[in-house]
1. Against the condition modelled with pLDDT of 90 or more and closer than 22 Å to Glu133 by Cα, how does Gly67 come out, does it pass?
2. Filter region 88-121 down to residues that are assigned to a strand (DSSP E or B) and touching a helix residue (DSSP H, G or I) at 6+ places or on another chain (Cβ under 6 Å) and give me whichever is nearest to Ser63 (Cα to Cα).
3. Kindly indicate whether Val71 is closer than 26 Å to Ser7 by Cβ, touching a residue at least 60 places away in the same chain (Cβ under 8 Å), in a helix (DSSP H, G or I) and not assigned by TED's automatic domain parsing to the domain that holds Val18.
4. Out of Leu83, Leu87, report the one residue that is surrounded by 14 or more Cβ atoms within 10 Å (Cβ to Cβ), at negative phi, touching a Lys or Arg at 6+ places or on another chain (Cβ under 7 Å) and of a type outside the set (Ser, Thr, Tyr).
5. Would you say Pro51 is surrounded by fewer than 16 Cβ atoms within 10 Å (Cβ to Cβ) and outside any helix (DSSP H, G or I)?
Amino acid sequence: MTRAWISPILLVLCGSAVAAGLTLSGTPGAAAANLLVFVLLAGVNSPLIFPRSVGTLEAQRRSAVDGRPVVFWRPGCTYCVRLRMRLGGSAQQAYWVNIWRDPAGAAAVRAANDGNETVPTVIVTGRPHTNPEPAWVREQLSRSTSSGRSRGQKTS
């Protein structure tokens, strides 16, 4: 088991314990609601809500070709969850690198943040941006997809 799943598992276990206590005290409705809240929190803190991670070198190679941002993240980071949720469906357009799975990604984040693993760190055209506003990242995504489309039209 990797450390990415520790927080979600603990949330589900705590929710189960509280729900069991509520059930034994005679309030099964409250137990079910409580368990649902803990399961939802576990889901939000799990790696499942993020697009599939790629390696740093692959993300950088792809970004150099199409100009899309590279987002360095880690599970359990509330700022990463905020960015992911606020990007909505457009998050799939960026290249996501889980720094807990990719040592090169962790090194790239430390290099961009004075030795700290501060995430989310977004790389756009080779320049790092630490914890940028989601609206700004969305704008960068729309720029990269529109320029990619125009590049594709020129070659047709």
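The values are calculated or read from the model by the stated rules, or taken from the named source; none is laboratory data. If you're wondering where the values come from, they're calculated on a predicted model, not measured in any experiment. Methodologically, a virtual Cβ is constructed for each residue, glycine included, from the backbone with ideal geometry; neighbour enumeration extends over all protein chains shown.
1. For Gly67, the condition - modelled with pLDDT of 90 or more and closer than 22 Å to Glu133 by Cα - is met.
2. Tyr95
3. No.
4. The conditions single out Leu87.
5. Judged against the criteria, Pro51 is a match.
For every residue, the table says whether it meets (1) part of a helix (DSSP H, G or I); (2) in contact with a Pro (Cβ under 6 Å, 6 or more places away or on another chain); (3) closer than 29 Å to Ala106 by Cα; (4) assigned by TED's automatic domain parsing to the domain that holds Val71.
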residue	(1), (2), (3), (4)
Val12	yes, no, yes, no
Val18	yes, no, no, no
Ala30	yes, no, no, no
Asn34	yes, no, no, no
Leu40	yes, no, yes, no
Gly43	yes, no, yes, no
Ala59	yes, no, yes, yes
